[in-house]
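Worksheet: the structure to be examined is printed underneath.
The values are calculated or read from the model by the stated rules, or taken from the named source; none is laboratory data. Predicted model only: the values in this text are computed from it and were never measured. Quick reminder, even Gly has a Cβ in these numbers, built from the backbone with ideal geometry, and neighbours come from all protein chains shown.
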Amino acid sequence: DAGVIQSPRHEVTEMGQEVTLRCKPISGHNSLFWYRQTMMRGLELLIYFNNNVPIDDSGMPEDRFSAKMPNASFSTLKIQPSEPRDSAVYFCASSFYTGGPGELFFGEGSRLTVL
Amino acid sequence: GIQVEQSPPDLILQEGANSTLRCNFSDSVNNLQWFHQNPWGQLINLFYIPSGTKQNGRLSATTVATERYSLLYISSSQTTDSGVYFCAAHTGNQFYFGTGTSLTVIP
């Protein structure tokens, strides 16, 4: 079975540009998480969805960040406008929640560099 | 949320040595997982272990939920074991990650 699929794997952009990161969760999983990893702050939860509905977005840094999950097989994380401090690796992860947390699986991450 | 603490923060081993990594969590959890982040940045699932003991080859893990800790054992370490090991505890609606143990295995 395919794992969590993220694209792009690498993105280099200039400050002020819009960035869109994409994620396809594992088929059948109903929970999706976006994380950001930096050396300074480690792994931070940005937002998570359950059955395509955003449940907790308290980790989203500011209004420049937005996330959507239009259906069970696709999610996007958008940064507009991007800033150099947004440079990080962004991970998408999914699990199957059945009244309790199932095993969490990560994608390979999208490495974002904002110049 | 809960606090998840991992120790030691850094570890250097000679190839073939054994090691124990520890994960403490501050409250009851529904789930505990161990991940290995390899030098290429991939987060690899090692164990899904809310309680009890599991083994997979040279690796094993034990979670004692009542005492709020989990241990990851690596035996006969290999250079490919290098990387960062994270534990993640689930409670409420979230997974809470420790800051990791960075392991370097020297040939």
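Tally the residues that are crowded, with 18+ Cβ neighbours inside 10 Å and without any contact (Cβ under 8 Å) to a residue 60 or more places away in the chain, restricting the search to the range B:83-107.
Of the residues in that region, 2 qualify.
Please pick out the residue among B:44, B:2 that is surrounded by 12 or more Cβ atoms within 10 Å (Cβ to Cβ) and more than 11 Å from chain A (Cβ to nearest Cβ).
B:2
Taking into account only those residues within the range A:44-77 that are acidic (Asp, Glu) and either under 21 Å from residue A:16 (Cβ atoms) or part of a strand (DSSP E or B) (or both), which is modelled with the lowest pLDDT?
A:62
What residue, of B:50, B:9, is in contact with a Leu (Cβ under 8 Å, 6 or more places away or on another chain) and either free of Cβ contacts under 8 Å to residues at least 60 places away in the same chain or loosely packed, with under 15 Cβ neighbours inside 10 Å (or both)?
Being in contact with a Leu (Cβ under 8 Å, 6 or more places away or on another chain) and either free of Cβ contacts under 8 Å to residues at least 60 places away in the same chain or loosely packed, with under 15 Cβ neighbours inside 10 Å (or both) holds for just one of B:50, B:9, which is B:50.
So for the range B:14-31 (the condition being in contact with a Phe, Trp or Tyr (Cβ under 9 Å, 6 or more places away or on another chain), within 14 Å of chain A (Cβ to nearest Cβ) and either at pLDDT below 95 or over 29 Å from residue A:99 (Cβ atoms) (or both)), does at least one residue qualify?
Checking the range B:14-31: at least one residue is in contact with a Phe, Trp or Tyr (Cβ under 9 Å, 6 or more places away or on another chain), within 14 Å of chain A (Cβ to nearest Cβ) and either at pLDDT below 95 or over 29 Å from residue A:99 (Cβ atoms) (or both).
Test residue A:64 against the stated conditions and say whether it is within 14 Å of chain B (Cβ to nearest Cβ), closer than 23 Å to residue A:11 by Cα, among the basic types (Lys, Arg) and surrounded by 15 or more Cβ atoms within 10 Å (Cβ to Cβ).
It is false that residue A:64 is within 14 Å of chain B (Cβ to nearest Cβ), closer than 23 Å to residue A:11 by Cα, among the basic types (Lys, Arg) and surrounded by 15 or more Cβ atoms within 10 Å (Cβ to Cβ).
Name the residues in the range B:84-107 that are assigned to a strand (DSSP E or B) and more than 24 Å from residue A:101 (Cβ to Cβ), would you?
B:102, B:103, B:104, B:105, B:106
Might you check whether a residue that is more than 16 Å from residue A:13 (Cα to Cα), in contact with a Lys or Arg (Cβ under 9 Å, 6 or more places away or on another chain), surrounded by fewer than 21 Cβ atoms within 10 Å (Cβ to Cβ) and within 11 Å of chain B (Cβ to nearest Cβ) occurs anywhere in the range A:71-89?
No: zero hits.
Would you check if residue B:60 is over 24 Å from residue A:109 (Cβ atoms) and crowded, with 19+ Cβ neighbours inside 10 Å?
no
Considering only residues that are of a type in the set (Gly, Ala, Ser) and outside any loop (DSSP other than H, G, I, E, B), look in the range A:78-102 and name the one that is nearest to residue A:34 (Cα to Cα).
A:93
Specify the residue that is farthest from the other protein chains (Cβ to nearest Cβ); the eligible residues are those in the range A:92-104 that are surrounded by fewer than 21 Cβ atoms within 10 Å (Cβ to Cβ) and under 15 Å from residue B:47 (Cβ atoms).
Only one residue tops the list, namely A:102.
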